[in-house]
1. Is any residue of the range 13-38 close enough, with backbone N under 19 Å, to a label point placed 7 angstrom from the Cα of Gln95 along the Cα-Cβ axis, and if so, which?
2. Once the principal axes of the Cα atoms of the range 45-111 are found, what is the range along each, listed largest first in whole angstroms?
3. Say a paramagnetic label sat at a point 7 Å from the Cα of Ala70, along Cα to Cβ; which residues of the range 20-53 have their backbone N under 19 Å from it?
4. With θ set to phi - 60° and the Karplus curve 6.51 cos²θ - 1.76 cosθ + 1.60, what are the ³J(HN,Hα) couplings of the range 45-52 in order, to the nearest whole Hz, using x for Gly and Pro?
5. Can you give the relative contact order of the chain as a percent, counting alpha carbon pairs under 8 Å and 6+ residues apart?
6. In the range 23-105, which chymotrypsin sites (Phe, Trp or Tyr not before Pro) are in a loop and have at most 13 other Cβ atoms within 10 Å, using DSSP for the loop call?
7. To the nearest 500 deg cm²/dmol, what mean residue ellipticity at 222 nm is calculated for the chain from DSSP H runs of n ≥ 4 alone, each contributing -39,500 (n - 2.57), summed and divided by the residues?
Amino acid sequence: MALGPFPVMESGIVLSGLVGGLLVALAVRLPAAMGMAIAGVLAIAHGWAHGAEMPAAGDGLAYGLGFGLATSLLLLSGIGLASVCQRWEQPRSLQGIGALLALSSLYLWFA
């Protein structure tokens, strides 16, 4: 990729998992515009990281489609899980999942 990785790229990605997990674990409700802005910045950072790691000899279209499909499946899984927790009136379960994400991110930070 022409731009290459940006400084502290990996730390930023781990930090995004930590912050996102804490927001869910603590049931923080953000204004929609702020949530969209955070999601947009994280999407750019994560997309940049994946683009920087693309093999030089690889097929960019297939690589991008693969990451797009994987991202879509992860997002749909999260939305589905959150919907189930909400439908079954289990907000603590969702908060527990957020805490697990935050703890996993801390583990990756120090691993």
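Read-outs: derived from the displayed coordinates by stated rules, not from any lab. What you see is a predicted model, and the numbers here were worked out from it, not measured in a lab. Methodologically, a virtual Cβ is constructed for each residue, glycine included, from the backbone with ideal geometry; neighbour enumeration extends over all protein chains shown.
1. Counting backbone N atoms under 19 Å from the label point, the list is 18-31.
2. Taking max minus min along each principal axis of the Cα atoms, the range 45-111 gives 48, 30, 14 Å.
3. Correct set: 42-53.
4. 4, 5, x, 4, 4, 5, x, 5
5. Relative contact order here is 56 percent.
6. Trp88
7. Result for the chain: -27000 deg cm²/dmol, rounded to the nearest 500.
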